[in-house]
1. Stretch Arg141-Glu244 to full length: gain in nm at 0.36 nm per residue minus the Cα-Cα span?
2. Of the peptides 141-153, 204-216, how do they stack up when ordered by the mean number of other Cβ atoms within 10 Å, highest first?
3. Suppose the chain between Glu253 and Asp60 were pulled fully straight at 0.36 nm per residue; how much longer would it get relative to their current alpha carbon spacing?
4. For Val160 and Glu268, calculate 0.36 nm times their separation in residues minus their Cα-Cα distance, and state this gained length in nm to one decimal.
5. With a ≥ b ≥ c the root eigenvalues of the C-alpha gyration tensor of segment 91-242, is it rounded (a/c under 1.5), prolate (a/b larger than b/c) or oblate?
6. Give me the percent of accessible area attributable to carbon and sulfur for segment 134-176, probe 1.4 angstrom.
Amino acid sequence: MTEPVRPGDPADLPDDQSGQPGLPAQVEVDEASDPMAAVRWWREHWRNLAWIGQAERDDDEPWALPLVVRVEKKSLPTHDDALAASALAVVRLLADRDSAPGGPWHADLERWMDGRIRKVVRRARGIRWTEVDRLPGITARSGGAEVRALTPHPVARPPVEVSKLQVEGLDLTPAEPVGAAERVDGPGPVLSIVLAPGVRMSTGKACAQVGHAAHLALLELDEPTVTAWAFANFPLRVVPATPEGWRRIVGGEVAAATVRDAGYTEVEPGTCTCAATFTWPA
């Protein structure tokens, strides 16, 4: 189980580019063709969230969003592909029309977003994957990896299909290094999720962390850029940071959504594990 440290002051978040108050539900859009219909609502909700007392509300009944990595014995994904697919699954789930107000997933997502936005990574294969694939959610693919982001649930009451899946011990083999990080070319901006140098994490832990980074990028980074990213279907890449590049991120020289881990597993509390930015290389 992993969760980020929540940002301190909602006033630090970007201004609404429309300049108009109110929730995105007030804007007339075709949700079937506009991937930002749900995202606009989540961004506004995030800005207006009642931050004081949030941890206490979450502690009363913690919720989590499951990320399920498909791990078949004969076709193991790489560590790198699993990370990219996890990040992609999170943002596509939040942007799906079923996540918008009035959609069947909205209420559970809103309850979860009002807490610590924790994500729990599990693995599945064979019949277990088939069972999970029938649950509400979105499957994303990157290279040889498949990851399904499911709708959130109370930690103490997971769906039966999810409760059967193992949480700990997911550690996949990294992809073979190919020199400089490959650029993802496309019609819109590409999100770079930058891994902090010197922070060792298992695949499961890292999948949750990059999921947090993509999630925070969707909510906090420049809205026109996020809109273009959404219409391009969320192209992203996961790359290691150089010490100098990471210094620029944590120093605020690069516009980025940074993840600080709460420290329940693997890393110390407050560790910066990764960051998401549209301006990389720095």
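1. Numbers: separation 103, 0.36 × 103 = 37.08 nm, distance 3.12 nm.
Taking Arg141 through Glu244 to full extension adds about 34.0 nm, to one decimal.
2. For the peptides 141-153, 204-216, the packing ranking is 204-216, 141-153.
3. On the way: separation 193, 0.36 × 193 = 69.48 nm, distance 3.81 nm.
Stretched out fully, the Glu253 to Asp60 stretch lengthens by 65.7 nm.
4. Separation in residues times 0.36 nm, less the Cα-Cα distance, equals 35.7 nm.
5. The shape class here is oblate.
6. Carbon and sulfur: 49 percent of the exposed surface of segment 134-176.
The values are calculated or read from the model by the stated rules, or taken from the named source; none is laboratory data. Since the structure is predicted, the reported quantities are computational estimates derived from the model, not experimental observations. Virtual Cβ from ideal backbone geometry, glycine too; neighbours counted across all protein chains shown. Just so you know, the surface numbers come from the protein's heavy atoms only, side chains and all, with ligands and any DNA or RNA stripped out. Shrake-Rupley method; radii C 1.70, N 1.55, O 1.52, S 1.80 Å.
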